[in-house]
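Quick note: the coordinates plus some simple rules give every number you see, no bench work behind them. In this text, all values refer to a predicted model and were calculated from it rather than measured experimentally. With ideal geometry, Cβ positions are generated from the backbone for all residues, glycine too; neighbour counts draw on all protein chains shown.
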Amino acid sequence: MTLVRVEETDSGGGFTILNLQMVARVKCAGFDGSQQEHRATVVFSDGGMVELVGMDADRVLNAMEDFADYHQT
């Protein structure tokens, strides 16, 4: 599956559908075990960008790993 739905917590209940095939880069922060909330910046090949936090960042990172068939051991 190449589509992932993420919630937009600041827009009053809306959501965004991300196409993983269009992702050019994902920059992650806070995944090092610190108390800080997980963050991910998703950059698309068309120049668009989405900032995600918390569970949405986790879901997109997990979906990208599944899409790439990459699993940490």
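For residue 66, the shell of other residues with beta-carbons less than 14 Å away shows a net charge of -2, using +1 for Lys and Arg and -1 for Asp and Glu.
Computed across region 21-68, the Kirkwood hydrodynamic radius from all distinct Cα-Cα pairs reaches 10.9 Å.
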